[in-house]
1. If you take the residues of segment 280-299 that are acidic (Asp, Glu) and more than 20 Å from the chain's Cα centre (by Cα), which of them is surrounded by the most Cβ atoms within 10 Å (Cβ to Cβ)?
2. Output the residues belonging to segment 300-358 that are of a type in the set (S, T, N, Q), surrounded by fewer than 18 Cβ atoms within 10 Å (Cβ to Cβ) and within 16 Å of the chain's Cα centre (by Cα).
3. Quick one: in segment 235-250, of everything that is within 23 Å of the chain's Cα centre (by Cα) and among the polar types (S, T, N, Q), which residue is nearest to PRO201 (Cα to Cα)?
4. State which residue pairs qualify: first residue surrounded by fewer than 24 Cβ atoms within 10 Å (Cβ to Cβ) and inside segment 141-161, second residue assigned to a strand (DSSP E or B) and of a type in the set (Lys, Arg) in any location, beta carbons under 9 Å apart, and separation of 6 or more residues or different chains.
5. If you go through segment 329-351, how many residues are small (Gly, Ala, Ser), out of contact with any helix residue (DSSP H, G or I) (no Cβ under 8 Å at 6 or more places or on another chain) and within 22 Å of THR73 (Cα to Cα)?
6. Please name all residue pairs, on different chains or six or more residues apart, with Cβ atoms under 8 Å, provided the first residue is in segment 110-122 and is of a type in the set (A, V, I, L, M) and the second residue is surrounded by fewer than 21 Cβ atoms within 10 Å (Cβ to Cβ) and in a loop (DSSP other than H, G, I, E, B).
7. In segment 165-212, how many residues are of a type in the set (Gly, Ala, Ser) and more than 19 Å from ILE248 (Cβ to Cβ)?
8. Which condition does SER79 not pass, out of (1) without any contact (Cβ under 8 Å) to a residue 24 or more places away in the chain; (2) within 30 Å of SER181 (Cα to Cα), if it passes all the others?
Amino acid sequence: MKQLRWFRIVALLALVGLLAVACSDSDDDSDGSSSNDSTAAKTDDSTADDSTADDSTAGSDLSGSVEISGSSTVEPITSLLAEQFSGDNPDVQISVNGPGTGDGFALFCEGQTAISDASRAIKDEEAATCADAGINYLELKIGYDGITVMTSPENTDVECLSFADLYALIGPESTGFKNWSDADDLAAEVGADHAPYADAPLDISGPGEESGTYDSFVEIVIEKIADDRGQDATTRPDYASSPNDNVIVQGIEGSTSSLGWVGFSYFENNRDQLADIQVDGGDGCVEPTLETIADGSYPISRPLFIYVNTDKADADPAVAAFVDYYMSAAGPKAVADAGYVALPEADWSTTADAWTGR
């Protein structure tokens, strides 16, 4: 009996020991599980933090307004990026207007806008106006455009024009010419290659003096010949000018013997109603295409810019965040989507570095 009682005591002690070990293992598993859950929670929190940081960079919590004006050529690029940015940042109102590069710089140097779109570099006198007003800015190159010389598809009398031809038809000495053939004598004087011209109405539509497209056209095509002949570097004043590229396109469409010029993207968007004219800058006739604009063989190519008021960018997170977005991979994609030529990757990196290192 004593032996049986002793056996029961030993068995009971063994059972208690096993239960203690089991409880210890359960506690260890519980601690391990808690530790893993904590790690997962930290990982999730970290991911959430990263996501928040990304959203913060994109500006999901931003509010305010960004005023942009300037080039009608650059306007489609900036408008596309503004639409995308506002989709992620609905409390940021971005206004994009395209009255022309010159008018845009006037507003910019008065401090009325945070960003100025430009289809040419800022002029010395405009830079001086900004400096006098205490406007600090950064120039950012964003792409390339080709100024396209155009006519009606029905005008089969012209396929290519040289700079001398364009001077004879559009330059300051062509004032009053009503027909293409009126320019024949002047064309002979300046050595134009494609005269004599047809005896047909010369209906010209193009941008006005407020436009960067106008400035670039004069600088690239007209200026040298005008200087050589002692003339002002300008166009004839008696043509249908407009700051609105769509109005210019309509003017060229409206005459079977028209002549005009506008940014390449507007030609591309209206190719069915317009005919491009090849341009000879001295190396033969070249058609404007994305490829010839990109490689520089098309002679009326020009860079495109945005100018950022750096004081406004430093003071207003909405402005800085929008330019951050502009300088991201979305920027060159928007340039291409709008019908222009994006910068090579290395050049875009230089532009982006200029912004981040301001």
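1. Selected residue: ASP280.
2. SER328, SER349, THR350
3. By that ranking, first place goes to SER242.
4. TYR144/ARG302
5. Going through segment 329-351 one residue at a time, the tally reaches 2.
6. Pairs that qualify, where the first residue is of a type in the set (A, V, I, L, M) and the partner is surrounded by fewer than 21 Cβ atoms within 10 Å (Cβ to Cβ) and in a loop (DSSP other than H, G, I, E, B), are ALA114/ASP316.
7. Total satisfying the criteria: 11.
8. For SER79, the failing item is (2).
The values are calculated or read from the model by the stated rules, or taken from the named source; none is laboratory data. Source: prediction; values computed, not measured. Please note: Cβ atoms are built from the backbone with ideal geometry, for glycine as well, and neighbour counts cover all protein chains shown.
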